[in-house]
1. Where does the chain land on Rg/Rh, using Cα atoms and the Kirkwood Rh?
2. If you add up the charges near C22, with Lys and Arg at +1 and Asp and Glu at -1, over every other residue whose beta carbon is less than 14 angstrom from its beta carbon, what do you get?
3. Quick check: pseudo-label points 7 Å beyond the Cα along Cα→Cβ at F32 and L9, how many nm apart are they?
4. From the backbone phi of the range 38-43, what are the Karplus-calculated ³J(HN,Hα) couplings (6.51 cos²θ - 1.76 cosθ + 1.60, θ = phi - 60°) in whole Hz, Gly and Pro given as x?
5. Pairs of alpha-carbon atoms within less than 8 angstrom and 6+ residues apart define the contacts here; what relative contact order does the chain have, in percent?
Amino acid sequence: MSPVADPGLCPQNHRCPLIESCPAEAISQEGFSLPQFDPDLCIECGRCIALCGKGAVHWVEESR
């Protein structure tokens, strides 16, 4: 599984605070766009889901 950010819930008007909280450095962001989660780096700890104040991050099944 991999986390994703819901564009309807993520405000996309600031630097995502989850970037600094990810122990695997699996979250990136271009400007103030929707944060991206690298499934190859993600350790599935769930920290981003727990810490997102907007509830915008959730798990999805990877399609590889």
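Read the figures in this text as sums done on the coordinates, not as results from a lab. No experiment lies behind these values; they were computed from the predicted model shown. Positions of Cβ are generated from backbone atoms using ideal geometry, with glycine treated the same way; all protein chains shown enter the neighbour counts.
1. 0.92
2. Summing Lys and Arg as +1 and Asp and Glu as -1 gives -3.
3. Going from the F32 label point to the L9 one covers 2.1 nm.
4. These are the phi-based 3J(HN,Hα) values: 7, x, 6, 9, 4, 9 Hz.
5. Details: 98 pairs, mean separation 30.3, N = 64.
Reported relative contact order: 47 percent.
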